Every structure is written in structure tokens, then in C-alpha cells.
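To start, the structure under review is shown below, and the notes come after it.
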Amino acid sequence: MNVLVTGGAGYIGSHAVQRLLRDGHTVTSLDNLYRGHAEAMEALRPASGGRLEFVKGDIGDRALLDSVLRSRSVEAVMHFAALAYVGESVQQPLAYYRNNTASALTLIEACAAAGVEKFVFSSTCATYGEPPVMPIPETTEQRPINPYGMSKLHVEHMLFDHAKERAAVGKPFAFAALRYFNVAGSDRTGVLGEHHEPETHLIPVILQAAQGRRESVTVFGTDYPTPDGTCIRDYVHVEDLIDAHVRVLGALRPGDQRTYNLGIGRGYSVKEIIDAVRRVTGKDFKVVYGPRRPGDPPTLFADPSKIRRELGWTAAITDLGDIIGSAWAWFQSHPRGYGV
Ligand SMILES: NC(=O)c1ccc[n+]([C@@H]2O[C@H](COP(=O)([O-])OP(=O)(O)OC[C@H]3O[C@@H](n4cnc5c(N)ncnc54)[C@H](O)[C@@H]3O)[C@@H](O)[C@H]2O)c1
């Protein structure tokens, strides 16, 4: 299949490109490199069999999209490109709505014009806000508490409405909105890794402390109603996450409007993650205990039973040591990330 991967030079998108190439697909990766890494694309090229094309460009550029979708006869889109920091979205809400919502609309319009029939969208558990029920099933009311979550929820709504209209006029269009929990780990062959600038994700932040690149790790809140007082989150390995994308893409039939949670279905606390990093790396580092951050719910973890039931997907890498170990291996071979 000819697949367009937006945000393909980013952390998760590059893992999708890698898996699609391995599965024999032809991949166009489109990324404006605002937060992505051309080095990730170069790392994938040798094993790509000439089936990888990287285009530096923006999903808000309609003329570019028209040209890419048509010239490469794109049959499916995996849409990862987005700004993805909750705190930044509170500081710059309009930038998030522009990039994540308005530019996604441009992408969906271009797909409609080019006759692309399959669309897989990176949504997020942030669309649920602070849900009252744990674990979180897909039927939970979506009430985002920040512009990031809202910018993604708008895209889900656009996809639902567009798919409904396409079905009504007998045109095939199918989409899946995949609501990720916390994505972690790296490709276990060591080619790709996680490199965000700035880094805010818990596991890489702690790994940077273990490497001595950070003076300390701050734990935000130790008085939550959880067994050890720190926040609990659901960490899904990036390879498992991409495996779910591949299954979903294979399963999409005309008219499908699917939503799935992607998580392992259990949570780990911040303290558990810190202990696991110490165990895996054999390094010690300073931990600072600070106050809670506004808008951090005590516990978030997925009910992933819908995708297990419907597509037989379940996360295979659920041991915290294995998840962290894969990330640490890449950190050791790339001590300062891509391009350094
Ligand atoms: N990392 C997580 O734990 C997590 C959790 C839930 C959802 N998500 C979603 O997964 C997706 C990928 O996240 P990630 O962690 O890989 O982030 P990332 O920043 O590493 O990747 C995003 C990529 O999109 C590119 N990009 C952004 N805006 C673009 C635009 N307008 N045009 C072209 N390229 C653009 C960036 O340059 C970057 O390479 C995002 O949509 C994010 O919201 C991530």
C-alpha cells in the first residue's frame, strides 16, 4: 500500500515509518521538522529498499498535499503531525488550534479531494480530561481540560462528520481515532529512539538524569490518593502502539468510524518509574519532591479491551524494565540524541 505518514520524522511517526517499510509498504513521510529529526529518516533509509521518500513540508500546505497525495497515489494516511505539549498548549492555545486542528482540516480536505479512503489519527487520552471512571473505556465522555486535548478532539469530530457524509453519498471513507496513553520505549533494534526538544516525557527525563544530563528529576506531587502518593499513568511501548496502527489499518472497511484506546490497561506510579530506571540503568540521581501541577489527575489508565476484542491487539511489552530498557539502549548509543 502507498501510505503517507505525517509527522514521520517525530518519535512515534518514525516508528510507524519503520514498521510500514518492514511490512513492505511504500511510505512517504511528511514532516516540517519543527520538532522532528531528519536523522531518523536517514537511519531508516538503508533498510527501506528504496520505498521511503521524505518530504520536508507542512500539513497546512494544501498545494503540497495535493501534489504529494496525487503523485504518490496515496491510499492511506497515518496522521501523527502535531504539537503535543499540554503546558505549551495552555500558553499558546491558538498555535495548537492552528497546527493541530486547522491544519488537520486542510489535510482531511486534501484527502477527500484526492480520494484517500483510509485515515488513522493519533488522538490522545487527553481528550477525556479528568474522567470519573478508571480504567477508561472509549465510551467515557470526552471533556478535555486543556487546548491540546481540545485541539485533538476537534479532529475526531471532523473525521466523524466527514465519514458520515461520505457514507451518505456512497463514497468510501474510513477512519480510526486511536487514543494513546503514555507512549514509551524505542525500537528494539536500536535504530530509532525518543528525542523531544524540550523533553517533558517522564521516562526520557529520568533517563537524562541517569545520564547526568540533568541535575535532578522533579516529582510533582506526593500527596495524591494513590498507594505511594505519586501520579499513576499507563505506559504503552511504541512498538506495540504501532502494531495496533497496522492492525487497524488492515481492518478498516469503507464507512468504518472506529475509536480505540491504546494502553496496556494498568498504571505505574512516578516512584515506580524512578525505581525501575535506577534498576535498569544501575545509575543513581537526585530526586526533588515538588508540589502538584495543576491539571494532573491522580490516576489515568486505559481500558484497552475494545481493541483486544475486535482486533486481537494487546500490548506484548508490558514489563516496565523492558520498556525502559529499550529506551536506555538508544540513549546509550545516542548520548545526546539525534544529530549530536
Ligand atoms: N508521545 C506520547 O506519549 C503521545 C501521547 C498521546 C498522543 N500523542 C500524539 O502522537 C503524535 C506523535 O507524537 P510524538 O511524541 O511522536 O511527537 P513528536 O513531536 O516527536 O512528533 C510530531 C512530529 O510532527 C511534526 N509536525 C508538527 N506539526 C507539523 C505540521 N504542521 N506539518 C508537518 N509536520 C509537523 C513535528 O516536526 C514532529 O516531527 C502526536 O500527534 C501526539 O499528539 C503522543
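The values are calculated or read from the model by the stated rules, or taken from the named source; none is laboratory data. Given the structure is predicted, the values throughout are model-derived calculations rather than measurements. Here the Cβ is made from the backbone with ideal geometry for all residues, glycine too, and neighbour counts use every protein chain on show.
Is it the case that S29 is under 17 Å from Y338 (Cβ atoms) and either at pLDDT below 95 or more than 9 Å from the ligand (Cβ to nearest atom) (or both)? Can you show your working first?
Details: under 17 Å from Y338 (Cβ atoms): yes; either at pLDDT below 95 or more than 9 Å from the ligand (Cβ to nearest atom) (or both): yes.
Yes; evaluated as a whole, the condition is true for this residue.
Being part of a loop (DSSP other than H, G, I, E, B) and touching a Phe, Trp or Tyr at 6+ places or on another chain (Cβ under 8 Å) is the filter; apply it to segment 118-138 and report the residue that is farthest from G255 (Cα to Cα).
Here the answer is M134.
Is it the case that segment 159-167 has a residue that's more than 26 Å from Y34 (Cβ to Cβ), within 16 Å of the ligand (Cβ to nearest atom), at pLDDT 95 or above and not hydroxyl-bearing (S, T, Y)?
No: segment 159-167 contains no residue that is more than 26 Å from Y34 (Cβ to Cβ), within 16 Å of the ligand (Cβ to nearest atom), at pLDDT 95 or above and not hydroxyl-bearing (S, T, Y).
Among the candidates R278, R336, single out the residue that is assigned to a loop (DSSP other than H, G, I, E, B) and surrounded by fewer than 20 Cβ atoms within 10 Å (Cβ to Cβ). If you could, list the steps in order and put the result at the bottom.
Numbers: R278 fails: assigned to a loop (DSSP other than H, G, I, E, B).
Among R278, R336, only R336 is assigned to a loop (DSSP other than H, G, I, E, B) and surrounded by fewer than 20 Cβ atoms within 10 Å (Cβ to Cβ).
Restricting the search to segment 183-215, which residues are farther than 21 Å from G282 by Cα, within 16 Å of the ligand (Cβ to nearest atom) and surrounded by fewer than 21 Cβ atoms within 10 Å (Cβ to Cβ)?
First, the residues of segment 183-215 that are farther than 21 Å from G282 by Cα: 183, 187, 189, 191-192, 195-200.
Filter again for within 16 Å of the ligand (Cβ to nearest atom), leaving 183, 187, 191-192, 195-200.
Those that are farther than 21 Å from G282 by Cα, within 16 Å of the ligand (Cβ to nearest atom) and surrounded by fewer than 21 Cβ atoms within 10 Å (Cβ to Cβ): V191, H196, E197, P198, E199, T200.
Take the conditions touching a strand residue (DSSP E or B) at 6+ places or on another chain (Cβ under 9 Å), within 9 Å of the ligand (Cβ to nearest atom), farther than 20 Å from K152 by Cα and not assigned by TED's automatic domain parsing to the domain that holds D296 and apply them to G57. Does it pass?
Criteria met by G57.
What is the number of the single condition among (1) part of a helix (DSSP H, G or I); (2) buried (at least 22 other Cβ atoms within 10 Å of the Cβ) that E165 does not meet?
(2)
Counting only residues that are out of contact with any Gly (no Cβ under 7 Å at 6 or more places or on another chain) and under 30 Å from G295 (Cβ atoms), give me the strands (runs of 3 or more DSSP E) lying completely in segment 1-89 with at least 3 of them.
none
Any residue in segment 293-310 that is surrounded by fewer than 15 Cβ atoms within 10 Å (Cβ to Cβ), touching a Phe, Trp or Tyr at 6+ places or on another chain (Cβ under 6 Å) and either at pLDDT below 95 or farther than 17 Å from T259 by Cβ (or both)?
Within segment 293-310, one or more residues are surrounded by fewer than 15 Cβ atoms within 10 Å (Cβ to Cβ), touching a Phe, Trp or Tyr at 6+ places or on another chain (Cβ under 6 Å) and either at pLDDT below 95 or farther than 17 Å from T259 by Cβ (or both).
Tell me, please, whether a residue that is in contact (Cβ under 8 Å) with a residue 24 or more places away in the chain, under 16 Å from G229 (Cβ atoms) and part of a helix (DSSP H, G or I) can be found in segment 291-307.
no
Out of segment 44-77, which residues are free of Cβ contacts under 8 Å to residues at least 24 places away in the same chain and of a type in the set (G, A, S)?
G50, A63, S67, S71
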